[in-house]
Amino acid sequence: MASALLSMGAAGVLLPFNVGAQSELEDARRTLALYLGRELVEEIISKPFDDPEGAFGVGPDAGEISRQYFDNIDDYDGYKDGYEETISAIVGMRKQTIDAVAIEGLHREAVVRYLHVAGQDMGDDPNFVRVVVIMRYKGQVLLTLRRLVHLPQ
């Protein structure tokens with residue numbers, strides 16, 4: 001009987017520590033997701049707006065099979081894990097592999113769209129590009145980062 005009481009008491013004492021540890025892991029995951037999402041946004045907007053080869057169209061061009069070959073901003077449209085990222089590691093913009101317990105289950109996606117502003121002639125080239133990076137954890141959206149960038153004239 002004493003054993004049963006002791007184990008029930010221990011469970012009551014240890015439960016807050018378990019919940020605290022889980023909360024700490026979730027906080028670390030969110031912080032890491034924010035860092036990795038921002039890093040991808042910065043990588044995307046560091047690229048030129050115009051394709052150096054003169055190709056037109058949103059998304060990677062033929063032969064651009066990984067981020068190392070992306071040569072302009074719109075090549076990132078449709079980017080999802082799978083180019084060089086796996087379920088337990090994400091590759092940073094400086095080609096470093098980031099793997100940690102908190103990263104397991106995290107995934108990045110990117111959407112890039114050219115935008116016309118209100119009043120702009122739709123026949124003109126767009127003045128802005130919207131970059132959206134979506135961070136997912138086990139398929140569920142954890143956070144979404146958006147950046148509106150003005151195209152150089």
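Taken together, the values in this text are just the output of simple stated rules run on the coordinates, not laboratory data. From a predicted model like this one, the values you see are computed outputs, not experimental measurements. Reconstructed Cβ throughout: ideal geometry from the backbone, glycine too, with neighbour counts over all protein chains shown.
If R0 is 25 Å, the Cβ-Cβ spacing of residue 144 and residue 50 corresponds to a FRET efficiency of close to 0.40.
Each of residue 71 and residue 25 was given a label point 7 Å from its Cα along the Cα-to-Cβ line. The distance between the two points is 4.5 nm.
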